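Let me begin by presenting the structure, written as structure tokens, before commenting on it.
The values are calculated or read from the model by the stated rules, or taken from the named source; none is laboratory data. Fair warning: this is a prediction, and the values are worked out from it, not measured in the lab. Here Cβ is always computed from backbone atoms with ideal geometry, including for glycine, and neighbour counts include all displayed protein chains.
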Amino acid sequence: MKLMILKGTKEVGAKAAELVINEIKKKPDLVLGLAAGGTMIPFYQSLIRLWKNKKVDFSHVSTFNIDEYVGLSGSDKRSFRYFMQKHFFSRIGVWQRNVHFLDGRAINLNVECKNYEKNIKEVGGIDLQILGIGRNGHIGFNEPGSSFKSRTREVLLSEITLRDNARFFGNDLKKVPRRALTMGIGAILEARKIILLASDKKKAEIVHRALHGEVSKDVPASVLQKHKDVTFIFDKEAASELD
Ligand code: GLP
């Protein structure tokens, strides 16, 4: 396990972007797992900057986003697909055919999840998975209690996640979808390399529990202690409760 503690959220994003482009240099057709969320915005901004400066070529990279709300289409401003378009993909042009999302409006969500994993296998599995962390320790939308063997599936969101994400739904809790699709923990652990980003004081307690607490289903991110190639990148505030 590698741990990097940097000044602020911008530095966290810049460091993660640097690690990603190093991997793309080694393997131009890298299979990259991506996540949405506030923590990721500076990371995508750094990647866009590097792309504009011709430091990276994404044209052979494939991406798979880790989660999506059930019931929202990609054109819905609150979907993760829209988030990714807005903050990243629309800014770097080309290569949309290599970009993959779970479709929260699929008629058969089970089939959608199975096909997603099949598509990942077909391109050789995820080389590098980028993760954020929820205040309850979720990774993707794998809420506390999720099996470490769980596969990509439909899940029910916990109260804390609904409250945290209400900010994207006009602060109206009733508007936040209760259900989501997420890559399972078992699927995430198959990534060859994992980088987890966290910033802000509000993540400090869960970051401490994830890294130094017991490996337990109560804190899904704690399972990463068992992964052979994981890098945690935190800002000072998120790392402030680490021993
Ligand atoms: C969201 C997403 C995760 C994300 C996490 C942290 O709900 N399901 O994929 O990593 O929670 O989000 P944020 O960076 O906004 O705190």
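Observations
- Boolean, I185 is closer than 22 Å to Y69 by Cβ and touching a residue at least 12 places away in the same chain (Cβ under 8 Å): yes
- Residue within the range 82-96 that is within 13 Å of the ligand (Cβ to nearest atom) and more than 18 Å from F168 (Cβ to Cβ) present: no
- Residues located in the range 46-68, provided they are under 15 Å from Q85 (Cβ atoms) and not hydrophobic (A, V, I, L, M, F, W, C): T63, N65, E68
- Of the residues making up the range 167-176, those that are surrounded by 14 or more Cβ atoms within 10 Å (Cβ to Cβ) and within 11 Å of the ligand (Cβ to nearest atom) are F168, V176.
- Criterion (within 11 Å of the ligand (Cβ to nearest atom) and more than 17 Å from A180 (Cβ to Cβ)) met by exactly one of I120, I130, I160: I130
- Per this entry, K54 is counted among residues that are away from the ligand (no atom under 15 Å from the Cβ) and in a loop (DSSP other than H, G, I, E, B).
- When G104, G37 are checked against the criterion of being assigned to a loop (DSSP other than H, G, I, E, B) and closer than 22 Å to A239 by Cβ, a single residue qualifies: G37.
- Residues that are modelled with pLDDT of 95 or more and in contact with a helix residue (DSSP H, G or I) (Cβ under 7 Å, 6 or more places away or on another chain) number at least 3 in the following strands (runs of 3 or more DSSP E) confined to the range 136-198: 193-198.
- H60 fulfils the conditions (1) touching a Leu at 6+ places or on another chain (Cβ under 9 Å); (2) surrounded by fewer than 17 Cβ atoms within 10 Å (Cβ to Cβ); (3) modelled with pLDDT of 95 or more except for a single criterion, (3).
- Residue within the range 104-116 that is more than 15 Å from the ligand (Cβ to nearest atom) and at pLDDT below 95 present: no
- Odd one out for V70 among (1) in contact (Cβ under 8 Å) with a residue 12 or more places away in the chain; (2) within 16 Å of the ligand (Cβ to nearest atom); (3) out of contact with any Pro (no Cβ under 8 Å at 6 or more places or on another chain); (4) more than 22 Å from A191 (Cβ to Cβ): (3)
- All positions within the range 63-81 that are under 15 Å from the mean Cα position of the chain (by Cα) and hydroxyl-bearing (S, T, Y): T63, Y69, S79
Let's see how each residue does on (1) over 19 Å from F101 (Cα atoms); (2) more than 16 Å from the ligand (Cβ to nearest atom); (3) under 15 Å from the mean Cα position of the chain (by Cα):
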| site | (1), (2), (3) |
| --- | --- |
| L19 | yes, yes, no |
| D29 | no, yes, no |
| A35 | no, no, yes |
| G38 | no, no, yes |
| S46 | yes, no, no |
| L50 | yes, yes, no |
| H60 | no, yes, no |
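- Residue among A238, A210 that is more than 15 Å from M1 (Cα to Cα) and either modelled with pLDDT of 95 or more or within 16 Å of the ligand (Cβ to nearest atom) (or both): A238
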